[in-house]
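See structure below.
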């Protein structure tokens, strides 16, 4: 009996030693990738190239939409996405016809810092990417073993995420030229509908879809009643919808949320039929009409777009993308950097936050807007703010988006927001 116990203990000890040895093979005491500075400018690169896809899509003659990203843009995007994950770093570098993907994860163990470093060399290909090797710390896997492992992981992922098959059908090609990755996408209506459905499931909390459907129906009726109008101030449209919401007796916070999301989707030409999952026999045919704020179409776009984004993705993301849009506008062909656009963005985010802050406040906003106080009630005076600046002019006058002059203008915008009637009345309320 003692002999058996000693053999078992020896076996357990050996397994423990092997396990520790394997762990030591997988981890290192220094990171393979040094810390990445997630500066504001890198955030802007992410928002511009990955989220907005400005100047990153090309419609080809064969019906293929081509996306293109440099490895530097992928690097900036990854750094931004991982900015809140301590110890995690990732990098992309191009080497001939392949991309090297490196990953580092740092963690503390028994008072010491260790790093799980891994890298894979991938050759993009029409059929499937080829992995030429994977490295985990001191443990190397050759290309065949790496591809087998990647294949097993992918098969498991396909079982759990059936939409991956639709992504495969949508992707026509992936190739690398220099340091630029090109991805060709075929039109795939089933995949597009899946994206709408998954997006709706993610952003639309239980019950919100039904409330948005009601508000979309009200918007349809209001637009139909204005057949002689080609242009409509946002304030007038919101007044009509808010008055109906106040009279309905429904939860004012959720009514306001639905109104803002419906108007934002309408303004940004997002197909509400797909978002709300409407069948062909119940589709909405919303009449297109130009919405304006301060007699400008772009102000309305910025106001409603930021309001909707604030409710769906948060104020921080809304402000980030607003600033990214203005930086992108300084590039060739853009309209230039405009503090007026940022002012409309901030006004939209401010309105959205206040409109859903509490039931009492939400109902107050419904009732006041229902009295048609005009756009000056919620939109600050944006006159006198610099507009249409090139990148060079922006740098010379304001020191870029991190200069003290830039911060001074942003503080002035916040001061103007604090003086609008909506803010003052809510403070007194």
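Here are a few things to note about the model shown:
- The stretch 214-228 - residue that is at pLDDT below 90 and out of contact with any strand residue (DSSP E or B) (no Cβ under 7 Å at 6 or more places or on another chain) and, of those, farthest from residue 257 (Cα to Cα): 228
- Pair list, Cβ < 8 Å and 6+ apart or interchain, from the stretch 225-247 residues that are touching a residue at least 40 places away in the same chain (Cβ under 8 Å) and assigned by TED's automatic domain parsing to the domain that holds residue 299 to residues that are surrounded by fewer than 16 Cβ atoms within 10 Å (Cβ to Cβ) and in a strand (DSSP E or B): 230/290; 231/290; 232/290
- Some residue of the stretch 345-357 being in a loop (DSSP other than H, G, I, E, B), under 19 Å from residue 267 (Cβ atoms), in the same structural domain as residue 255 (by TED's automatic domain parsing) and at pLDDT 80 or above: yes
- The residue of the stretch 414-429 that is surrounded by the fewest Cβ atoms within 10 Å (Cβ to Cβ), among those that are within 31 Å of the chain's Cα centre (by Cα) and within 11 Å of residue 379 (Cα to Cα), is 419.
- Which listed residue, of 342, 385, is at pLDDT below 95 and crowded, with 22+ Cβ neighbours inside 10 Å: 342
- Residue within the stretch 155-166 that is surrounded by fewer than 15 Cβ atoms within 10 Å (Cβ to Cβ), modelled with pLDDT of 70 or more and in contact with a helix residue (DSSP H, G or I) (Cβ under 8 Å, 6 or more places away or on another chain) present: yes
- Entry remark, the stretch 405-429: residues being at pLDDT 90 or above and over 19 Å from residue 347 (Cα atoms) number 1 in total.
- Of all residues in the stretch 277-329, those being without any contact (Cβ under 8 Å) to a residue 60 or more places away in the chain, touching a helix residue (DSSP H, G or I) at 6+ places or on another chain (Cβ under 6 Å) and either surrounded by fewer than 18 Cβ atoms within 10 Å (Cβ to Cβ) or not assigned by TED's automatic domain parsing to the domain that holds residue 266 (or both) number 2.
The values are calculated or read from the model by the stated rules, or taken from the named source; none is laboratory data. All of these numbers come straight from a predicted model, not from anything done at the bench. In this analysis, Cβ positions are derived from the backbone assuming ideal geometry, glycine residues included, and neighbour counts consider all displayed protein chains.
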